[in-house]
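Q: I am attaching a structure below and will ask some questions about it afterwards.
A short reminder: the numbers here are calculations on the coordinates, not readings from a lab. These numbers come from a predicted model, not from an experiment. Because the Cβ atoms are built from the backbone with ideal geometry, glycine has one as well, and the counts that use them run over all protein chains shown.
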Amino acid sequence: MVTKKPRIVIIGAGMAGLTAANKLYTSRNTKHLFELSVVEGGTRIGGRINTSSFCGDRIEQGATWIHGIEGSPVYKIAEETNSLSSDQPWECMDGISESPVTVAEGGFALNPSFVEPISILFKNLMDFIQGKEIDENCVNTEILKHCIKNFGPGNLSVGSFLRQGLQAYCALEKDENGVVEVGNWSKKSLQQAIFAMYESIQRTFTSADDLCSLDYNAEREYVMFPGEEITIASGYSSVIESLASVLPVGMIQLGRKVEKIEWQDNGYENRPVKLHFCDGSVMSADHVIVTVSLGVLKRGTKQDSSFFSPPLPNSKTQAISRLGYGVVNKVFLQMSPSDDREITDPFPFLQMVFHQPDSELRHPKIPQWIRKTSFLCPIYSNSRVVLSWFTGKEALEIESLTDEEIINGFSSTVSNLLPPSKSQHQMMNGTENPGKIPELKKLKFEKVLRTQWGTNPLFLGSYSYVAVGSNIDDMDTLAEPLPQINGSDSTPPLQILFAGEATHRTHYSTTHGAYFSGLREANRLLKHYNYIGV
């Protein structure tokens, strides 16, 4: 009698799916233990990792940074595959700029000495929220004590804590240095606008549309790897290609979009799970590892959806519903000289400060969708390609704009922030050294590339966060397989397993979180078949 091999199907060829496939296929003696397939709805592998090029430069449309190199499996793979160096320049090859130029709406270059106290305040507040050690002698000790004392159980968001810190800062400062006005800016309004700029930067880290929807308590459970943050010279996709390179031809099937997952059904070739594809085909399996994004799970667990049949247990659907999942998009613009001459001044790392929504002083030609972004910078020193990040509603809006609307919007904004020549640039507090300011008359934008993660049906967003009303335990609930091994003897266990960044309680929102989750589910199946450690 021939013994049937367990069939494992992995849905999604991103970081989590390919890590699981790599582990299941390369573990000793398991090549002949399982029938293994990876089905991917798109036309490429990588998922939310997508290295591409723009105007001859290597860029990342998706995951960009290795967030801490010490202990990161992504860094280890990149190092082992010699992907950390390249003869071709790549996005953010210079790292994070330590000397940004901050400009305010109306054409004001801000003295770093004015910006720095707000920057330190924001960092101290975020460090406290995230449970990092705070120097007792730091300049904002009194503000932190005030926030801790007054932060009651009803204020459970990161945004509300930050705003309380800003209010305390402004209250302590109100009698110092009198009233300072710069053009149509008051000192207080400028401080608030700079603080809002840092909030916008934080939004891109989390994908939350509003930091007031970001859970305060969960921030302390998020784990950062130590060491520097870097980008991958050969492109993030090199890590994906390395994981996939050991898999035999045909194991990864592209263009196979799953329409329905039918489980707890023993009537189809004695395998309990059936996958229904959009082309009408059906595949049976003993185990399915679902690595689709939280956005796809949210769509697939709505009341009118039949993506899971029968529907997932109520505890899991509620966890999916409560957890946050946002959109982060990038806009790349190519600069060109307007008069066929080379640009003599390199574009700076530009931090942009805008009037607040209730201000009557906002310039009408700066579009609303650009006012929640925070910076515009070259992707590396002297590059003619500049980059800006968008989050939330504005990230979704840019997906619907034409290239011309995006180019015109950035042109109007930069022309307002950077007057035609340095001599005409008004300096905050009379500073003589606001940073290198390019001459606008030599600049224009001619090409644009924007990412579109929000409307892509295979992703419906970028990455997860713990929203107010949810907690870290919801990610553990999402990670639980169905049915559990200790379930009914008549029901085959581990029919559906879940992986992906949103299923990892300490490394969610990251590629290494996705990696660890794929490894976790592969090991779960290996353990089930007594192959762990073989």
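Q: Decide, for segment 187-256, between rounded, prolate and oblate: order the square roots of the alpha carbon gyration tensor eigenvalues as a ≥ b ≥ c, take rounded if a/c falls under 1.5, and otherwise choose prolate if a/b is larger than b/c, else oblate.
A: Cα axes put segment 187-256 in the prolate bin.
Q: With unit charges on the beta carbon (Lys/Arg positive, Asp/Glu negative), name the residue among 496, 528, 281 whose Cα is farthest towards the positive pole of the charge dipole of the chain.
A: Final value for the positive-end residue is 281.
Q: Counting only the backbone N, which residues of segment 241-256 are under 20 Å from the spot 7 Å out from the Cα of residue 26 toward its beta-carbon?
A: 241-253
Q: Take residue 173 and residue 456, extend 7 Å from each Cα along the Cα→Cβ direction, and tell me the distance between the two endpoints in nm.
A: Roughly 4.0 nm, to one decimal.
Q: Based on alpha-carbon centroids, what's the gap between segment 272-304 and segment 1-77 in Å, whole number please?
A: Using only Cα atoms, the two centres lie 18 Å from each other.
Q: Okay, next question. Indicate the gyration tensor shape class of segment 462-534 (rounded, prolate or oblate), computed on the Cα atoms with a ≥ b ≥ c the square roots of the eigenvalues: a/c under 1.5 is rounded; otherwise a/b larger than b/c is prolate and the rest oblate.
A: Oblate.
Q: So, one more: If you find the alpha carbon centre of segment 459-509 and of segment 195-212, how far apart are they in angstrom?
A: Distance between centres, Cα-based: 26 Å.
Q: Beta carbons within 10 angstrom, averaged per residue: use that to sort the peptides 370-381, 210-221, 239-250, highest first.
A: 370-381, 210-221, 239-250
Q: Something else: Would you mind calculating the relative contact order of segment 348-419 from Cα pairs under 8 angstrom and at least 6 residues apart, reporting the percent as a whole number?
A: Averaging sequence separation for qualifying contacts and normalising by length gives 32 percent for segment 348-419.
Q: With a/c under 1.5 counting as rounded, go ahead and sort the chain into rounded, prolate or oblate using the C-alpha gyration tensor (a ≥ b ≥ c being the square roots of the eigenvalues; past the cut-off, prolate if a/b is larger than b/c, else oblate).
A: Prolate, because a/c is 1.5 or more and a/b exceeds b/c.
Q: Let me ask something else. Quick check: residue separation of residue 242 and residue 254 times 0.36 nm, minus the Cα distance between them. What number comes out in nm?
A: 2.6 nm
Q: Could you sort 383-391, 510-518, 451-459, 91-99 so that the peptide with the highest average Cβ count within 10 Å comes first and the rest follow in order?
A: Going by the mean number of other Cβ atoms within 10 Å, highest first, we get 510-518, 383-391, 451-459, 91-99.
Q: Angle check, please: helix 15-26 long axis (alpha carbons) against the longest principal axis of the chain (alpha carbons), in degrees 0 to 90, nearest 10.
A: With both axes taken from Cα atoms, the answer is about 40 degrees.
Q: Could you state the number of Å between the C-alpha centres of segment 230-266 and segment 379-405?
A: A separation of 28 Å, based on Cα centres.
Q: Let me ask another. Please list 3J(HN,Hα) in residue order for segment 397-411, calculated via the Karplus relation 6.51 cos²θ - 1.76 cosθ + 1.60 where θ = phi - 60°; whole Hz, with x for glycine and proline.
A: Whole-Hz 3J(HN,Hα) from phi for segment 397-411: 5, 5, 5, 9, 7, 7, 4, 5, 5, 5, 4, 5, x, 5, 4.
Q: Here is a follow-up. Taking amide H positions as placed in the peptide plane 1.01 Å from N, state which residues far from residue 253 in sequence (5 or more) or on other chains have amide H under 5 Å from it.
A: 38, 39, 40
Q: Quick one: compute the contact order of the chain, relative version, from alpha carbon pairs under 8 angstrom and 6+ residues apart, as a percent.
A: Here the relative contact order equals 24 percent.
Q: Between 334, 236, 321, whose Cα lies farthest towards the positive end of the dipole of the chain when Lys and Arg beta carbons carry +1 and Asp and Glu beta carbons carry -1, centred on the Cα centre?
A: Highest projection toward the positive end goes to 321.
Q: Using label points projected 7 Å from each Cα along Cα→Cβ, tell me how many nm separate residue 79 and residue 321, to one decimal.
A: 4.5
Q: Another question about this same structure. Could you order the peptides 10-20, 34-44, 138-148, 289-299 from most to least packed, using the average number of other C-beta atoms within 10 Å per residue?
A: Order by mean packing, descending: 10-20, 289-299, 34-44, 138-148.
Q: Dipole magnitude of the chain about its Cα centre, charges +1 at Lys/Arg Cβ and -1 at Asp/Glu Cβ only, in debye to the nearest 20?
A: 1280
Q: Mind listing the long-range amide H neighbours of residue 102? Cut-off is under 5 Å, sequence gap 5 or more, other chains count too, H placed in the peptide plane at 1.01 Å from N.
A: For residue 102, whose amide H was placed from the backbone, the distant partners under 5 Å are 110, 351.
Q: Sticking with this one: With labels modelled as points extended 7 Å from the Cα through the Cβ direction, what inter-label distance (nm, one decimal) is found for residue 299 paired with residue 113?
A: 5.4
Q: Another one. Pull out the extension gain between residue 139 and residue 35, defined as 0.36 nm times the separation in residues minus the alpha carbon to alpha carbon distance; nm, one decimal.
A: Difference between extended and current length: 31.4 nm.
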